[in-house]
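Let me begin by presenting the structure, written as structure tokens, before commenting on it.
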Amino acid sequence: MSWQKSVVALAAAVVLPLTGVMAGSSVAAAPVGDVSAAALPAGSPAAVNGQLKVCGVKLCNKNGKQIQLRGMSTHGIQWYSQCVKTASLDALANDWKADILRISMYVQEGGYESNPRKFTDMVHGYIEEATKRGLYALVDWHQLSPGDPNHNTARAKTFFKEIAQRHKDKTNIIYDIANEPNGVTWARVKTYAEAVIPTIRAEDPDSLVLVGTHGWSTFGLSDGRNINEVSQNKVNASNLMYTFHFYAKDHRDSYLNALRTVSSQVPVFVTEFGSQEASGDGPNDFTMANKFISFMKEAKISWTNWNFSDDHRTGAVFNSGTCSGGNFAGEGVLKEAGKWVRNHIRTADDF
């Protein structure tokens, strides 16, 4: 369901030597001094809620209170780093009043595999920028093709070991170890998760870990599988949630009903969704999308929307060309999907 880039070379980020600054962006890729959890702005979502814990099938804050986080996913940072910069992140935190930034780092498709050092440094930088603004930083290992995450086990261990080593003392980091497994059984995904999670836990025993489910993170529904497979064969790990993705124009009541079912069985985090077709393009269906939003609010299911860029597709929140400028606040720079999701994010948190 995640979009692949149709135009090959569009503003790919370049890490300049020594300075650690990404071309086309004012966000540092690898700061000399990392931002500590103590530096979280007072009153910010990450400062108020602190270290996240799974409690039953819900997400809870440091005080054990059930909470719902809402925010945005970047597009692939190999293509749209120009959309993730000081002005846009300030707008996300202060104008949109988001709780969380999902950092979408593709593994293939011109991403991590092509230059591990560059992309690891980019993710370090984005984590620091999220922390400075008091947002949770969701590190998305955006495995998409091939669909079997075991293809990237060694790469995932290398990447997450370094990320966890550097950021283990932060209370606002979340690790998502497999974006959308597809064409693969749940048993294979579980094998991968149980191989990678110990690498993270060896460095960071406390932070929340997410794992994608089979069938493009639909608990197997999009592959015609039994959605109860996950609850019947859970990953052997602590402080873990499972991810669910949907696109409201294509994924109708059967997907909403599946989300109702699985979220009553295991902890679920909706790390990606849109109001459009599964391609991320086409007409918006806000009526169906609002059904999902209402249920996720009721069930306190956290979510990040796809995506925070100015791609030409209807699901990218900004009008084309916005990211070359410096104005990201307000509705004037937004497509219809952007206005819709911003309004949902801006509604008051209940934590």
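The values are calculated or read from the model by the stated rules, or taken from the named source; none is laboratory data. A quick note: this is a predicted structure, and the numbers were derived from the prediction, not measured. Quick reminder, even Gly has a Cβ in these numbers, built from the backbone with ideal geometry, and neighbours come from all protein chains shown. Accessible surface areas use protein heavy atoms only, side chains included; no ligands, DNA or RNA. Shrake-Rupley method; radii C 1.70, N 1.55, O 1.52, S 1.80 Å.
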Review point. Which one of these is modelled with pLDDT of 95 or more and open to solvent by 10 Å² or more (accessible area, probe 1.4 Å): S320, S309, S302?
Key: S320
Point to revise | Matching residues in region 219-248 - criterion: being within 26 Å of N61 (Cα to Cα) and touching a Leu at 6+ places or on another chain (Cβ under 9 Å) | key: F219, K234, N239, L240, M241, Y242, T243, F244, F246
Check your understanding: Given the structure, is D223 out of contact with any strand residue (DSSP E or B) (no Cβ under 7 Å at 6 or more places or on another chain), acidic (D, E) and under 30 Å from K118 (Cα atoms)?
Key -> no
Check your understanding: Right, F351: closer than 26 Å to R260 by Cβ, open to solvent by 10 Å² or more (accessible area, probe 1.4 Å) and either assigned to a helix (DSSP H, G or I) or among the β-branched types (V, I, T) (or both) or not?
Key -> no
Practice item. Quick one: in region 265-293, of everything that is polar (S, T, N, Q) and assigned to a helix (DSSP H, G or I), which residue is most open to solvent (accessible area, probe 1.4 Å)? Key: T287
Study note, to complete from the structure: Cβ pairs under 7 Å, 6+ apart or interchain, first in region 51-79 and more than 22 Å from A130 (Cα to Cα), second open to solvent by less than 10 Å² (accessible area, probe 1.4 Å) and in a loop (DSSP other than H, G, I, E, B), ordered by first then second residue, are V57/V266
Check your understanding: Does N239 count as in contact with a strand residue (DSSP E or B) (Cβ under 6 Å, 6 or more places away or on another chain) and under 25 Å from M105 (Cβ atoms)?
Key -> yes
Exercise for review: Considering only region 294-310, state which residues are basic (K, R) and not in a loop (DSSP other than H, G, I, E, B).
Suggested key: K297
Check your understanding: If G321 passes every condition in (1) at negative phi; (2) out of contact with any helix residue (DSSP H, G or I) (no Cβ under 6 Å at 6 or more places or on another chain) but one, which one does it miss?
Key -> (1)
Review point. In this structure, does S275 turn out to be at pLDDT below 95 and closer than 17 Å to A248 by Cα?
Key: no
Review point. Is it fair to say G338 is open to solvent by less than 10 Å² (accessible area, probe 1.4 Å), without any contact (Cβ under 8 Å) to a residue 60 or more places away in the chain and either part of a helix (DSSP H, G or I) or more than 16 Å from Q68 (Cα to Cα) (or both)?
Key: yes
Point to revise | Residues of region 93-117 that turn out to be basic (K, R) and either free of Cβ contacts under 8 Å to residues at least 12 places away in the same chain or surrounded by fewer than 20 Cβ atoms within 10 Å (Cβ to Cβ) (or both), as a count | key: 2
Point to revise | Options A137, A130: the member that is touching a Leu at 6+ places or on another chain (Cβ under 9 Å), outside any helix (DSSP H, G or I) and surrounded by 22 or more Cβ atoms within 10 Å (Cβ to Cβ) | key: A137
Check your understanding: Which pairs have Cβ atoms under 7 Å, sit 6 or more apart or on different chains, and link a residue in region 275-291 that is within 16 Å of G338 (Cβ to Cβ) and touching a residue at least 12 places away in the same chain (Cβ under 8 Å) to one that is part of a loop (DSSP other than H, G, I, E, B) and hydrophobic (A, V, I, L, M, F, W, C)?
Key -> S275/A248; G280/W3; D285/A248; A289/A248
